[in-house]
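Chemist: This is the structure, below, for whatever I ask next.
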Amino acid sequence: KSGFVAIIGRPNVGKSTLMNSLIGQKVAIMSDKPQTTRNKILCVLTLADAQILFIDTPGIHKPKHKLGEYMVKTAENTLHEVDVVAFVVDATEELGAGEQYILERLKTVKTPVLLVINKIDQISKNNILPIITQYTNCFDFSAVVPISALEHTNLDHLTDEIKKHL
Ligand code: GDP
Ligand code: MG
């Protein structure tokens, strides 16, 4: 099994940390070279039964100018081409305008979307459910995976959910 996963989410939610944690655990290759003009492969994760290629998908935000518009378009095209979208959010922050904008864009996409709730090391267990509910009320995710990228919590659950769609 193998396939592509687009990682999306606002700045500072922990996308880079997540990539580093996955690589630290079970690694393969990391590349900064753009694979196409619009995507770059962040890492190739080789598991016993699957190979997962993570793609950085920057620029899903409200465009402020023409170049921005182009970048947003190409980023959105990526979402149609991958096997799974991993939407990373920060458990310590409210669902805000940045997330709402991304969710609106995701509604035009048929690709399965995983909600990855990061930084759960920063909140109490009781607070996870209300956060999940906020998001699942606005969008039909194929799964919800709470993680701590920093502490490597629940990353196996994340890769298991991804593998279901490869
Ligand atoms: P990106 O902009 O989405 O790539 O976010 P980064 O990976 O650069 O992370 C932004 C900040 O959040 C950094 O200071 C990270 O150390 C921190 N961070 C990322 N993941 C976690 C996490 O699981 N728990 C905590 N407490 N902090 C995290
Ligand atoms: Mg980053």
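Chemist: Could you work out the relative contact order of the chain, using alpha carbon pairs under 8 angstrom and six or more residues apart, expressed as a whole percent?
Modeler: Value for the chain: 24 percent.
Chemist: Which order do ILE8, ILE23, ILE52 fall in if you start with the one that has the fewest other Cβ atoms within 10 Å?
Modeler: So the residues, fewest neighbours to most, are ILE23, ILE52, ILE8.
Chemist: For the chain, give the magnitude of the charge dipole about the Cα centre (Cβ charges: +1 Lys/Arg, -1 Asp/Glu; no others), in debye to the nearest 20.
Modeler: Approximately 480 debye in magnitude.
Chemist: Right, something else. Sort region 43-132 into rounded, prolate or oblate with this rule: let a ≥ b ≥ c be the square roots of the eigenvalues of the Cα gyration tensor; rounded if a/c is under 1.5, and if a/c is not under 1.5, prolate when a/b is larger than b/c, oblate otherwise.
Modeler: In terms of gyration-tensor shape, oblate.
Chemist: Something else about it: Quick check on the exposure proxy: order ASP83, ASP121 from fewest to most C-beta atoms within 10 angstrom.
Modeler: ASP121, ASP83
Rule-based calculations on the coordinates, nothing more; no lab input. Just so it is clear, the model here is predicted, and its values are computed rather than measured. Quick reminder, even Gly has a Cβ in these numbers, built from the backbone with ideal geometry, and neighbours come from all protein chains shown.
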